[in-house]
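A short worksheet on the structure shown next.
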Amino acid sequence: MTDSSTLNEDLLRRFQARIDAEQRIEPKDWMPEAYRRTLVRQISQHAHSEVIGMQPEGNWILRAPTLRRKAVLLAKVQDEGGHGLYLYSAAETLGVSREEMIEALQEGKAKYASIFNYPTLTWADIGAIGWLVDGAAIVNQISLQRTSYGPYARGMVRICKEESFHQRQGYELILALAQGSAEQKAMAQDALNRWWWPSLMMFGPHDAESAHSAQSMTWKIKRQSNDELRQKFVDQTVPQAEFAGLAVPDPLLRWNEARGHYDFGPIDWDEFNRVVSGNGMCNRDRLTHHRRAHDEGEWVREALRVHEERKRSRAAQDAA
Ligand code: FAQ
């Protein structure tokens, strides 16, 4: 055995021992290249999801029915942009630049959550996104607050606090519709019908089909599996639907006394794969809009570059 492979094995052993001892990994610590790559993949895809996720709701800001609803929605959409920024910053600590991540998104090389490729057709969809999409996101993100990489875990703590407000405003909106006129209740039911299954898909493929889960669990990047988190979401959301007087669109859904959980019907993985591979209802629109907004912001990036250059040259002159 060569000296370098002994050294590498020793580093790997110490790295895993730190993880097993619940010590956080920080940017300057040694880490295996595959750990770094897995984090860049997951954190950047998470960031892209937050930013692309602004589009379906942004679509309704000008059509919010009251000033109060408009202020809430505006704040929520801005929060999502902020989450994207924390997450891009966390990924940058792993040696990847913002430009590289944006390029990967725009070239279709990096994914974002499939759910944001569904359209927001009615005002009730805004309630459904907060209640179900943020509700699913928060179940996953609470678990990620204890992820092994320090900057990602700390970002999640703040994000979870904001996500909790997002979920509540969505459920409150849905409740108002469900308790309103027959037409409003039907609108809330229709939104639940369309967003329920895509929300369950947010947790990713079943554990047995999940390419990255086993390694990510060993590294404690993921603390709970896709199926465990999905079950948690179903268990907490079904009583909320019942309280609102809405029916979850799953004929196989029933409480299983022996398991202490709800059983639910099969997920349409063909639909999931179709949407993830770029052929959902809104994939092309989402990326076109992102490219346009990014191009329109070029003057801001240019102004920042020039400002930084001037600051540097002034500092150099002062030092001379
Ligand atoms: N959509 O082996 P796994 C939000 C991909 S934030 C698209 O299980 P992993 C807030 C996966 O990337 C929502 N692709 O992968 C908000 C991988 O592809 P790759 C985002 C998906 O990473 C609310 C392949 O399938 N949250 O909503 C999806 O171990 C309202 C194999 O899957 C996060 O990103 C999917 N649903 O587990 C914003 C949380 N699921 O990379 C605005 C952080 C799986 O090999 C409005 N991420 N894939 O090409 C995670 O926890 C994990 O990455 C999972 C997937 C659980 C998503």
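The values are calculated or read from the model by the stated rules, or taken from the named source; none is laboratory data. Not measured: the values here are computed from a predicted model. Positions of Cβ are generated from backbone atoms using ideal geometry, with glycine treated the same way; all protein chains shown enter the neighbour counts.
Structure notes:
- Residue count, region 197-220 (criterion: touching a helix residue (DSSP H, G or I) at 6+ places or on another chain (Cβ under 7 Å) and closer than 17 Å to residue 137 by Cβ): 7
- Residue 39 meets the conditions (1) within 27 Å of residue 276 (Cα to Cα); (2) part of a helix (DSSP H, G or I); (3) out of contact with any strand residue (DSSP E or B) (no Cβ under 8 Å at 6 or more places or on another chain) in every case but one. The failed one is (3).
- Residues in region 207-231 that are outside any helix (DSSP H, G or I) and in contact (Cβ under 8 Å) with a residue 40 or more places away in the chain were compared, and the one that is farthest from the ligand (Cβ to nearest atom) is 220.
- Given (1) surrounded by 20 or more Cβ atoms within 10 Å (Cβ to Cβ); (2) within 17 Å of the chain's Cα centre (by Cα), number of the condition residue 223 does not satisfy: (1)
- Listed conditions (1) among the aliphatic types (A, V, I, L, M); (2) surrounded by 19 or more Cβ atoms within 10 Å (Cβ to Cβ); (3) over 15 Å from the mean Cα position of the chain (by Cα) are all met by residue 75, apart from (2).
- Residues that are within 12 Å of the ligand (Cβ to nearest atom) and assigned to a helix (DSSP H, G or I) do not occur anywhere in region 59-72.
- Residue list for region 151-179, filter: within 11 Å of the ligand (Cβ to nearest atom) and hydroxyl-bearing (Ser, Thr, Tyr): 152
- Here 248, 300, 306 are screened, and the one residue that is among the β-branched types (Val, Ile, Thr) and surrounded by 11 or more Cβ atoms within 10 Å (Cβ to Cβ) is 248.
- Among the conditions (1) crowded, with 21+ Cβ neighbours inside 10 Å; (2) closer than 16 Å to residue 41 by Cα, residue 188 misses just one, which is (2).
- Single unsatisfied condition, residue 89 versus (1) away from the ligand (no atom under 14 Å from the Cβ); (2) closer than 23 Å to residue 125 by Cα; (3) in contact with a helix residue (DSSP H, G or I) (Cβ under 8 Å, 6 or more places away or on another chain): (2)
- Here is the figure for region 111-150: residues that are part of a loop (DSSP other than H, G, I, E, B), near the ligand (Cβ under 7 Å from one of its atoms) and surrounded by 21 or more Cβ atoms within 10 Å (Cβ to Cβ) total 2.
- Summed over region 161-180, residues that are modelled with pLDDT of 95 or more and either under 27 Å from residue 219 (Cα atoms) or touching a helix residue (DSSP H, G or I) at 6+ places or on another chain (Cβ under 7 Å) (or both) total 10.
- Options 183, 162; residue that is without any contact (Cβ under 8 Å) to a residue 12 or more places away in the chain, more than 19 Å from residue 41 (Cβ to Cβ) and not basic (Lys, Arg): 183
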